[in-house]
Each structure stands twice: as structure tokens, then as C-alpha cells.
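Worksheet: one structure, shown below.
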Amino acid sequence: MLLRHTPEKITERKSLTINPAKTCQPIGAMYASLGIQGCLPHSHGSQGCCAYHRSTLTRHYKEPVSASTSSFTEGASVFGGQANMLQSITNIFSVYDPEVIAVHTTCLSETIGDDLPQITKKAKTEGKIPEGKSVISASTPSYVGSHITGFSNMVKSMAMVAEQTGKKNRKVNIIPGWVEPADMEEIKRIVKTIGVESILFPDTSGVLNGPLSGEYAMFPKGGTTMDELRSTGDSIGTLALGEWCSADAARWLDKSCHVPCSVLDMPFGLMATDRFIDALRIIAGVTIPEEIVNERGQLVDMISDMHQYLYQRKVALVGDPDQLISMTEFLVSLDMHPVHIVTGTPGKKFEKRIREITKDMPYEVNVKAGGDMFLLHQWIKNEPVDLLIGNTYCKYIARDEDIPYVRWGFPILDRQGHQYFPTVGYKGGLRLLEKILGELMDRIDRDATEQKFELVL
Ligand code: SF4
């Protein structure tokens with residue numbers, strides 16, 4: 001009973017968050033930066049922030065995450081960190097030699113009001129940025145939004161390096177949003193199978209799920225190259241997966257470089273994947289290849305075979321908005337009942353969207369944007385569920401309330417596999433379903449009497 005003090009009675013709270021369902025903006029910016037080839041993320045603030053962000057990503061991805069910091073001390077905290085950042089740029093290019101430095105701010109540098117574009121311009125004027133190398137930056141104050149906001153801000157900064165040569169490259173920009181490296185790999189496979197030429201950004205596959213080769217590479221081979229990012233301005237269109245993670249970058253490309261964009265849901269589950277595949281089909285002007293049709297058929301087959309175990313099971317969910325929207329739709333399509341849904345990222349649009357998706361369910365769903373896991377726990381105490389889906393922090397609720405629990409989302413600190421096995425697309429849908437069914441069936445086995453303990457379920 002680790003959360004034994006969580007009361008059943010829900011009282012209005014406006015100024016207090018307990019067990020947040022989000023983390024801070026720079027973590028998202030740092031993750032996005034790692035999806036650029038040869039990039040060193042740089043944290044403009046104190047060492048403590050940078051250490052926290054690196055360690056959170058390292059614990060989730062089980063890979064060493066390198067990032068540098070402006071190392072603010074008292075002087076920079078009072079007078080601003082321009083001198084620190086200029087010195088950092090010089091040191092980083094001379095010691096580590098990255099292709100690009102992606103700088104994000106922290107609460108401290110934002111509160112002082114450091115102007116990153118101005119400092120970067122000064123670094124360029126003073127010749128601190130070597131020829132052919134780049135510095136990009138994003139403003140990521142952590143007292144606004146969440147890690148998803150930081151991710152989105154950095155992805156938009158990537159889009160802002162786009163150039164227009166006047167000659168189209170016949171490629172489609174695909175902005176995958178905050179998904180696992182394995183998901184990015186899977187998106188690339190699907191896109192290639194359908195026959196669409198693409199630029200995926202960011203792309204952390206090969207960076208945060210690379211092999212153990214016996215040799216340390218400061219900058220692994222994966223990631224979107226700066227040349228590809230520049231070329232996004234010449235693409236024929238952009239598919240942005242996720243309103244919260246990817247839309248800002250796509251709309252910026254649309255507005256500034258006239259690259260038309262469509263904002264889709266992240267392709268988790270059957271229907272969101274259908275829409276993604278259909279969008280690719282239209283772009284490529286082809287019929288869907290048999291390989292993809294078969295994958296869809298396998299997912300539909302498993303859904304119909306196992307429907308009896310899923311029907312009307314109540315689910316509580318916590319995570320990030322784009323992921324939760326697609327997952328809720330998937331659960332509804334399985335005839336499951338998502339009843340409590342919380343994201344730590346603020347935005348009333350999220351609540352509206354979830355209500356639309358669940359409108360045909362027999363009762364109204366509890367949904368909160370900008371909520372916390374304390375509230376989720378209270379909802380569960382008032383209306384128990386059969387399954388909990390969320391990040392590692394859910395394990396306390398799952399243990400206290402004795403609920404089957406699927407780890408999915410960010411961060412997952414106590415299990416492996418999320419970097420290697422995708423949950424996007426039809427194949428990813430199979431994996432999600434396998435995880436859900438595994439938990440539900442383990443519970444049936446655990447609770448069965450000896451007479452009802454079945455070999456075949
Ligand atoms: S001070 Fe701000 S940026 Fe740094 S770790 Fe805390 S919330 Fe994140």
C-alpha cells in the first residue's frame with residue numbers, strides 16, 4: 001500500500017499537482033534533438049537540469065545519452081548566460097565535433113530572459129560556429145506545457161532550417177511525433193513498402209536502439225541529416241502524426257515553404273493506422289501492397305478471435321495526448337471501455353477529442369488534460385477498472401489496487417523492449433493486443449479455482 005494515503009473523496013484542487021503525469025519541457029527537446037544525425041543536445045541552464053534530463057532518457061532507452069550544458073553558476077543566474085553559451089559552443093565544436101548543436105533552454109535561462117537566436121547569431125558573427133556546422137535552438141520553459149511541448153518546440157526548430165530551392169524533391173516529410181525508436185523504424189518500413197519516398201524527422205532509430213558493437217560512437221549512424229532537414233522545404237507534402245507533437249512543425253513548413261500538410265493521429269491501433277496508410281496510398285497513387293493488407297488482416301483476425309476477453313473490460317489510461325487519443329480509439333474499437341483518462345499535458349482540445357471518440361459508450365468517460373496520477377487513482381478507487389495502461393509510475397496504483405497493468409508510454413524505467421518492438425502500425429497493434437491480452441489472461445489464471453484453471457483459454 002504505497003499510496004495508502006490517496007483518499008477516495010475527490011476535492012477540487014487548482015494549485016497543487018500530486019504525482020504528475022508529465023515531465024519537463026527540455027526532456028522532450030533533448031529526445032527530439034537526438035533524432036538529428038551527429039547532433040549534441042545542449043541544455044542552456046544549470047548542470048542539475050541537464051543531468052536530470054539525460055538520466056531520464058538514459059533510464060528509459062537504456063542507452064547512454066550525451067548532452068552538454070551551459071553550467072550556470074550564480075553569475076550567469078543573475079546576469080544571463082550569454083558568455084557561458086558562447087564558451088560552450090567553442091568547447092563543444094573543438095572537443096566533440098558534432099555536425100549540429102541543438103540548444104534548449106531551461107526554467108532558469110527562460111526566467112532570466114536569455115535570447116537564444118540572438119546568442120547564436122553572435123556566435124556566428126564571431127566565427128565560433130565552424131563552416132558547414134549548425135546551431136539550432138528552441139525555447140523550452142518548463143513552467144509551461146510538458147515534455148511534449150518541448151518535443152514539439154524542438155521539432156519546429158528543425159523544420160525552421162528548411163530551404164526552398166524552387167525544385168521539388170518528390171519526397172514527403174513525415175513527422176512521427178514522440179514515439180519509440182522502434183516505432184520510427186516501423187513507420188519507415190511501412191512508408192517504403194507502400195512506395196513513398198520520405199524524410200522522417202526526427203528519427204531516433206539507430207541512435208537510441210543501436211546494437212552493441214564493441215566500439216563507442218559518440219554520434220551513432222542513425223538520425224535525420226541536416227541536408228535532409230534543409231530539403232524538407234522542397235518536399236511535396238508533410239504528414240504530421242499527432243496534433244500535440246508534430247503539427248506546429250508541419251504548419252510552419254506549410255506557411256513558410258508552401259509544403260502542404262495533413263495532421264493525422266499517431267498510427268496506434270487499427271483505425272488510426274488505416275488513416276495513415278490511406279494518406280500514404282493517396283500520396284503514392286498506388287493500391288495498398290499485399291504485405292500491408294496481410295498485416296491488417298492478421299490484426300483483425302486476432303481482434304475477432306479474442307473479442308470475448310476484451311468485451312466491456314474497463315480501462316484506465318494515463319500518458320501523452322497524441323498517444324492516448326489513438327489508444328482510446330483502439331480500445332473502443334475492441335469493445336473495451338476506457339473509463340478514466342488522464343494526461344499531464346494541458347489543453348482542453350484533448351478532453352473534447354476523447355469525448356468524441358467515446359461518445360457511443362454507455363456512460364460518460366472521466367477525462368482530464370493537465371491532470372495528475374493522484375486524480376486517476378481517486379477515480380479508480382471510485383470506479384474500479386480491469387486494466388491500467390500507462391508509464392512506469394502506474395506500478396504503484398496497479399499494486400495498491402491489484403489491477404492488471406500494461407506498461408506503455410514514457411517513461412518506462414523498469415522494463416525492456418519498448419525500444420525494439422514497435423507498437424505503431426498493424427504489426428504494432430498486434431503487439432499492443434498481445435500485451436493487453438497477456439495481462440487479462442494472466443489475471444484469469446491467477447484468480448481461477450482449481451476446477452476452472454484451464455489449459456486452453
Ligand atoms: S528547473 Fe525546470 S528545466 Fe530544470 S529540471 Fe526543473 S523543471 Fe526541468
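Observations on the structure shown:
- Residue tally, condition surrounded by fewer than 21 Cβ atoms within 10 Å (Cβ to Cβ), in contact (Cβ under 8 Å) with a residue 40 or more places away in the chain and within 16 Å of the ligand (Cβ to nearest atom), over the range 119-161: 2
- When the range 101-117 is limited to residues that are touching a residue at least 24 places away in the same chain (Cβ under 8 Å), of a type outside the set (Val, Ile, Thr) and assigned to a helix (DSSP H, G or I), the one that is nearest to LYS156 (Cα to Cα) turns out to be LEU116.
- Applying the criterion of at least 3 residues that are more than 27 Å from ASP274 (Cβ to Cβ) to the helices (runs of 4 or more DSSP H) found wholly in the range 341-457 leaves 373-382, 395-401, 425-447.
- Residue within the range 296-304 that is within 26 Å of the chain's Cα centre (by Cα) and under 29 Å from ARG4 (Cα atoms) present: no
- Selection over the range 227-242 of residues that are touching a Gly at 6+ places or on another chain (Cβ under 9 Å) and part of a helix (DSSP H, G or I) gives a count of 1.
Values in this text are rule-based calculations from the coordinates and carry no lab data. Computed from a predicted model, the values in this text were never measured in an experiment. Methodologically, a virtual Cβ is constructed for each residue, glycine included, from the backbone with ideal geometry; neighbour enumeration extends over all protein chains shown.
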